Structures are given as structure tokens and as C-alpha cells.
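Visitor: Here's a structure for you.
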Amino acid sequence: MVARVVPALLLVACASAGNGESTPPDSKTATDAPIPLPQDSQPPADAQEPDAPPQNLCASAATCQTAIALGAVSGDTSNVKLNVSGHQAAWFRVRVSEDDDNFPGLTLRFGAKLTSPATNDYDVFVYVNAGSDLVECSTTVGTTSTNGTINENLAEWGEGTIPNGSSDSRDVSVEIRPVGGSCAATNPWSLEVQGNWL
């Protein structure tokens with residue numbers, strides 16, 4: 001009995017494959033069975049979803065309009081320094097005052113020195129509206145220099161040797177801008193600002 005059934009099935013299968021006739025929708029043939037994938041192309045049993053892209057730790061909500069006030073320094077007397085550190089993009093505001101209006105006149109000077117960690121790179125930018133006592137957020141001023149991980153910006157404005165008869169006190173905006181690295185909190189930058197730099 002078994003010897004007769006097996007050849008009959010084989011003949012039916014060969015006939016249906018070679019005669020061009022369609023197979024009823026509810027019938028199954030040997031060609032309907034799923035083809036197993038090779039062992040090396042199947043995902044491992046413990047496969048996990050790919051990790052989400054790393055979070056951008058450099059970005060922050062800081063803007064020039066919401067800059068953090070660091071304090072005040074004199075731009076033409078003494079040499080007061082203010083310090084702050086962080087690890088993301090940042091904006092700060094410093095009030096630079098004119099305190100010596102005698103003859104001969106003195107320009108106001110302001111310096112920002114940023115020290116980056118070895119693993120990350122940041123730049124510092126200084127913004128001053130030299131013409132009027134309004135906050136400046138778009139035009140940078142000063143001379144920049146880089147020495148290793150130290151980036152420095154020195155700005156100068158106001159009267160020359162002859163006093164101009166008006167106050168040159170200004171709000172100075174300072175921007176810290178990440179340019180490379182992961183901005184990890186364990187590797188912070190350090191900012192020092194100074195009035196009347198020497």
C-alpha cells in the first residue's frame with residue numbers, strides 16, 4: 001500500500017508543475033512550503049534592536065537674549081576677573097563700565113579666555129555694540145588667538161587719548177560654541193573674563 005501511494009504523489013506533483021494548469025487556491029504543493037534561510041543569515045536568538053543614536057550633549061537652550069549675567073568689571077581701571085565653567089554651548093553677559101574719563105582718555109578693554117579640555121574643542125566669541133549701549137548678538141569684535149587648548153578674544157572700544165564726553169560702558173555678550181568632541185560633563189571648559197586686560 002505504501003509503495004503505491006508515494007509514486008502517485010510524485011506523479012501528481014510533477015504533472016501540476018509541468019502542464020501549466022493552476023492549482024486550486026486551497027491545495028498545497030511541495031513548492032508552497034517556506035524555504036528555510038541559511039543558518040548564518042538568521043538573526044541570533046538574543047538579537048536586540050539597534051541602539052538609538054547618541055544624544056547631542058553639546059546643544060543647549062542658551063541664546064544671546066537669555067544670556068546668564070556673570071557680573072560687572074571695569075574696562076579702564078583695575079583688572080577684575082570673573083570665572084565660570086560648563087560643558088555645552090553657552091551665552092553670558094558682562095557689564096563693562098567706563099570709570100576713568102580724565103585726560104588723556106582711555107579705551108575700554110575686555111578679554112575672554114576659554115580653556116577647552118583635551119577631548120573637546122570650543123571657541124569663544126565676544127559681541128559689543130561700540131556705537132550705543134545696546135546688547136549686541138550678531139557682530140563679533142576683538143582679536144582672537146589660539147594656543148593649544150586656550151582660545152582668547154581681546155576686544156577694545158571707546159575713546160582715544162581725547163575724552164569723548166560720553167559713557168562708553170557696555171553690555172558685552174560672550175558666546176561659547178562647541179566645534180568638536182562629545183561635550184561630556186566630565187570634561188568641562190573653563191572661561192575667564194577680564195576687564196582692562198593688560
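The values are calculated or read from the model by the stated rules, or taken from the named source; none is laboratory data. Everything numeric in this text was worked out from a predicted model, so none of it was measured. In this analysis, Cβ positions are derived from the backbone assuming ideal geometry, glycine residues included, and neighbour counts consider all displayed protein chains. Just so you know, the surface numbers come from the protein's heavy atoms only, side chains and all, with ligands and any DNA or RNA stripped out. Shrake-Rupley method; radii C 1.70, N 1.55, O 1.52, S 1.80 Å.
Visitor: Net charge around residue 191, counting only other residues with Cβ within less than 13 Å of its Cβ (Lys, Arg = +1; Asp, Glu = -1)?
Guide: 0
Visitor: Would you work out what percent of the accessible area of the range 60-198, with all protein chains in place, is carbon or sulfur (probe 1.4 Å)?
Guide: Ligands and nucleic acids excluded, carbon and sulfur reach 52 percent.
Visitor: Can you give me the solvent accessible area of residue 58 with a 1.4 Å probe, rounded to the nearest 10 Å²?
Guide: For residue 58, the solvent-accessible surface is approximately 20 Å².
Visitor: Shifting gears a bit: For a label point 7 angstrom out from the Cα of residue 187 toward its Cβ, which stretches of the range 88-117 have the backbone nitrogen within less than 14 Å?
Guide: From the range 88-117, the list is 88, 116-117.
Visitor: Show me 138-144, 103-109 ranked by packing, highest mean number of other Cβ atoms within 10 Å first.
Guide: In descending order of packing, they fall as 103-109, 138-144.
Visitor: Counting Lys +1, Arg +1, Asp -1, Glu -1, what net charge surrounds residue 85 among other residues with beta carbon under 15 Å of its beta carbon?
Guide: Every neighbour counted, the sum reads +1.
Visitor: Let me ask another. If I ignore ligands, DNA and RNA and count only protein heavy atoms, how much of residue 162 is accessible to a 1.4 Å probe, in Å² to the nearest 10?
Guide: Taking all protein chains as shown, residue 162 has close to 120 Å².
Visitor: Right, here's the next one. So if the hydrodynamic radius of the range 84-198 is defined as the Kirkwood radius over C-alpha pairs, what does Stokes-Einstein give as its diffusion coefficient at 20 °C and 1.002 mPa s, in µm² per second?
Guide: In µm²/s, the coefficient rounds to 144.
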